[in-house]
Amino acid sequence: MSEISNNDLACHPEPACTERSRSVEGQTPDLLKNEERKGYKKTKLGWIPEEWNIYTLKEILKDTKLGGNYNNSSEAIGFPLIKMGNIGRGVVSIENKYFIEDGEELFEDHLLKNGDILFNTRNTLELVGKVAIWKNEYKTAYYNSNLLRLNFNNKQVSSNEFINYCLNSQNSIKQLKSFATGTTSVAAIYDRDVKILKVALPSAKEQTAIAACLSTWDSAIATLTQLIEKKQAVKKGLMQQLLSGKKRLQGFEGEWKVNALSRFLKYTPREVPKPNGKFHKLGIRSHCKGTFLNEDFDSEKIAIDKMYVVEENDLIVNITFAWEGAIAIINKDHEKAYVSHRFPTYTFIKNVSLSDYFKQFIQSKRFRYLLELISPGGAGRNRVMSKKDFLKLKITTPNYEEQTAIAQVLQTADDEISLLTKKLVGLKEQKRGLMQVLLTGRKRLEY
């Protein structure tokens, strides 16, 4: 991966498109609606520019081709295989890696080519019908039988990038979801149904202009995503060094001490009667991803009579999934929420342990390993953490002052990542909004 700096984000894509958008009768295009607008016509897909045309996919497809029924594994021995788990909304992800088993017969028809449009025919009811464009994420790769390759006529579709955006528009997604058959967990959209999907197509030149505009957002999103991943990797490495004592901050010396967790934490249950009616019930995400709220939990759904209230900076554990990293420190937004007896809470001992330090420490591999050791049993829900053994865990830590310094360094890294993540969310929202106005003709581009 090439080096990326914050300066790489200076090329914000928005002006590249908005400066070329047409104004109509002195109004800002964003504020206009297509209904009854001069130069627009009413169609089955709503009001679109007069020169645009409505097609079914059957009318603009050359052919479709299902992938191969290849056996696969996660071992990087054979050629990469693209499956439904790789297909996102508009993009192919190779974070999940699959490979065709060595010795399998390969078919050229299933070999992916740059610009191929892939349609996910089977998935959950929510995810079936995703469409993505292949951009040579691997030099050589094949696709499997849950994916359908869509090959379009050049006469109507001048840009596969455009049709990729078109098939990921709100209008197309709504139609595709209506075609899905099956259950919530296993649903399908068949080739015959894909072909009745309706799309609104502008001229070849306008398709190219729209695709180019939206691609600038994709480029900015990709650049920012890379930067976030790089910052996360740097922070992860820094955590491993600082929390193990392999790297010391300037001004700190001396050996770290081994102590039981009880030196730093005190079991602090705040028992209360179960609320009547709706209340805020707290949950903990696995893999140290923090807490979440069920804000309208119905008290009649649980049979217990007693619950517990959490406060800001409490350390809380889900004893059923502690082995999976279901441990967190309560933030301000989630204080006063309720938990059951399966979520013991602990407070930090003043001037001995710092919550901001332990917020980082509980994410470390070593601590996660210790949680597994005190969670005996089989796989899944049978592995219950021993509350008695939790406070007996032996950990190696610095003094309070060094804890504070380490926490500040790591929190600064977290703050930077959080700021970049908010920027990324903003860019994605802008792109979604721009897709809506460009792919309906509500906003037009000079071309």
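Annotations for the structure displayed:
- Estimated from helical segments only, the mean residue ellipticity of the chain at 222 nm is -9500 deg cm²/dmol, where each DSSP H run of four or more residues counts as -39500 (n - 2.57).
- Residue separation of GLU35 and LYS65 scaled by 0.36 nm, minus their Cα-Cα distance, works out to 7.0 nm of gained length.
- Taking the Cα centre of the range 53-201 as origin and assigning +1 to Lys and Arg Cβ atoms and -1 to Asp and Glu Cβ atoms, the resulting dipole is close to 760 debye.
- Of LYS41/LYS205; LYS155/LYS422; LYS235/LYS301, pairs whose Cα-Cα distance is over 32 Å: LYS155/LYS422; LYS235/LYS301
- The lysines whose alpha-carbon is closer than 22 Å to the alpha-carbon of LYS139, local same-chain residues fewer than 8 away aside, are LYS65, LYS83, LYS97, LYS113.
- Put a dot 7 Å past the Cα of THR43, heading toward its Cβ, do the same for LYS274, and the two dots end up 5.6 nm apart.
- The residues LEU243, LEU370, when put in order of fewest to most other Cβ atoms within 10 Å, stand as LEU370, LEU243.
- Cα point-scatterer Debye curve for the range 257-397, base-10 log of I(q)/I(0) at q = 0.11, 0.16 Å⁻¹: -0.39, -0.82
- Highest average first, the peptides 274-284, 88-98, 335-345 ordered by how many other beta carbon atoms sit within 10 Å of their residues are 335-345, 274-284, 88-98.
- Extension gain, GLU229 back to VAL258 (0.36 nm per residue minus Cα-Cα distance, nm): 7.1 nm
- Per-residue Cβ neighbour rank within 10 angstrom, fewest leading, TYR267, TYR143: TYR267, TYR143
- As a calculated quantity, the FRET efficiency between LYS174 and LYS332 at R0 = 45 Å, using C-beta atoms, amounts to about 0.70.
- Report note on the peptides 66-78, 156-168: ranked by the mean count of other C-beta atoms within 10 Å, highest first, their order is 156-168, 66-78.
- For a paramagnetic label modelled on LYS113 (point 7 Å from Cα along Cα→Cβ), amide N atoms under 20 Å away belong, within the range 153-196, to 153-165.
- Listed residue (LEU354, ILE302, PHE343) projecting farthest to the positive dipole end of the range 257-397, Cβ model: LEU354
- Helix axis angle, 170-179 relative to the chain longest principal axis, alpha carbon, degrees: 90
- Site pair THR404 and SER74 shows an inter-label distance of 4.4 nm when each label is modelled 7 Å from Cα along Cα→Cβ.
- Note on LEU127 and LYS247: the model spin-label points, each 7 Å out from Cα along the C-beta direction, lie 3.5 nm apart.
- When both the range 403-427 and the range 343-394 are represented by their alpha-carbon centers, they are found 24 Å apart.
- Mean Cβ count within 10 Å, highest first, over the residues of peptides 415-424, 124-133: 124-133, 415-424
- Partner lysines whose Cα lies under 17 Å from the Cα of LYS392, excluding those fewer than 8 positions away in the same chain, are identified as LYS257, LYS266.
- Normalised contact order of the chain, rounded percent, pairs of Cα under 8 Å and 6 or more residues apart: 16
- Rounded to the nearest 0.05, the FRET efficiency derived from the C-beta distance between GLU105 and ALA222 at R0 = 45 Å is 0.80.
- With one equal scatterer per alpha carbon and no solvent term, the Debye-computed log10 I(q)/I(0) for the chain at 0.10, 0.14 1/Å reads -0.96, -1.26.
- For the range 53-201, alpha-carbon Rg relative to the globular expectation (2.2 N^0.38 Å, N residues): 1.01
- Cα gyration tensor shape of the range 185-225, rounded if a/c is under 1.5, else prolate or oblate by comparing a/b with b/c: oblate
- Angle between the chain longest axis and helix 204-244 axis [Cα atoms, degrees, rounded to 10]: 10
- Cα-based shape type of the range 166-281, given that a ≥ b ≥ c are square roots of the gyration tensor eigenvalues and the cut on a/c is 1.5: oblate
None of the figures in this text is laboratory data; all of them are computed from the coordinates on show. None of the values given here were measured: they were computed from a predicted structure. Cβ sites come from the backbone with ideal geometry, for glycine too, and all protein chains shown count toward neighbours.
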